[in-house]
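A quick write-up on the structure given underneath.
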Amino acid sequence: MTDTKTTVETEPAALYERAGHIAVIRLNRPASLNAVNAALSTAAGEALERAAADPEVRVVVVTGNGRAFCAGADLKELAAGRSIAAPEHPEWGFAGIARHWIDKPLIAAVNGFAMGGGTEIALACDLVVAAEDARLGLPEVKRGLVAAAGGVVRLQRQIPLKRALQMALTGDAVDVQEAAEWGLVNVVARPGAALDEAMVLAERVAANAPLSVQYTKRVMHQVAESGSAWDPEWSRREPWAVNDEAAALVFGSRDAVEGPIAFAEKRAPVWEGR
């Protein structure tokens, strides 16, 4: 019997575009509030891989098409017993993003609803820009579930423990102004302007030396308190060893020569990313 309620999706579940040195990944299941299924996990994960491999890309912005950022897991898929992971790359985690490390900074442009898995995608990003009418939260406990796509791992590393426990144990939504006060959101944008503000922030990051940015991100994650959510091997490395290894690579680069010369010559640096 044909399910007449099934929506046939003819477009990719995530879209990729590049504007200068910035890659934009758009979650693209607007009719389902960008709920995550296997197709979205695959498309978003492949887009991250594409950005990581492109030497012209310095920053990645993740946003959602339509009126939501991401409504979390596609519960219809789960109810039908279907996996929502990328079939060929389950190691990428939720939405192809939650456990998918790349050295280039990720910025979440949160437009609208971002509860549950949507918040977990934001937690996996390095910076968060959110529209003032967006909503964040981890409601899993209200449904007999647990925020297992990074919520219970990352939240208390990014905001104070008591705040994190309040969000995770009540399951209540948090408005963006409060999330910003707690440190979960970097920039609050007017309604409809999250992507625009995220692009402005991305341009500020992309203006810097690529290797410097990438190794700054890597070291900060590697030496995070109690280890990293990204790679268990990092937690067993002595922080200064991680720092010194990255410093040797960056200071030995052509960009490390170009930066001081450009400053002395009072001109904009021309970065090579090597």
* So which of A39, A31 is of a type in the set (G, A, S), surrounded by fewer than 21 Cβ atoms within 10 Å (Cβ to Cβ), within 26 Å of D196 (Cβ to Cβ) and out of contact with any strand residue (DSSP E or B) (no Cβ under 8 Å at 6 or more places or on another chain)? -> A31
* To do: Identify, by number, the condition in (1) modelled with pLDDT of 95 or more; (2) over 19 Å from the mean Cα position of the chain (by Cα) that K104 doesn't meet.
  => (2)
* Structure fact -> Filtering the stretch 164-181 down to residues that are over 23 Å from V223 (Cβ atoms) and either acidic (D, E) or crowded, with 19+ Cβ neighbours inside 10 Å (or both) yields M167, A168, D172, V174, D175, V176, E178, A179, E181
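Among S212, S235, which is the only one that is polar (S, T, N, Q) and either at pLDDT below 80 or touching a strand residue (DSSP E or B) at 6+ places or on another chain (Cβ under 6 Å) (or both)? Reasoning before the result, please.
Numbers: S212 fails: either at pLDDT below 80 or touching a strand residue (DSSP E or B) at 6+ places or on another chain (Cβ under 6 Å) (or both).
Going through S212, S235 in turn, the sole match is S235.
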* **Residue satisfying all of: in the stretch 134-152; over 23 Å from N186 (Cβ atoms) and either among the charged types (D, E, K, R) or outside the structural domain of V110 (by TED's automatic domain parsing) (or both); surrounded by the most Cβ atoms within 10 Å (Cβ to Cβ) among these** => E140
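The values are calculated or read from the model by the stated rules, or taken from the named source; none is laboratory data. What you see is a predicted model, and the numbers here were worked out from it, not measured in a lab. Virtual Cβ from ideal backbone geometry, glycine too; neighbours counted across all protein chains shown.
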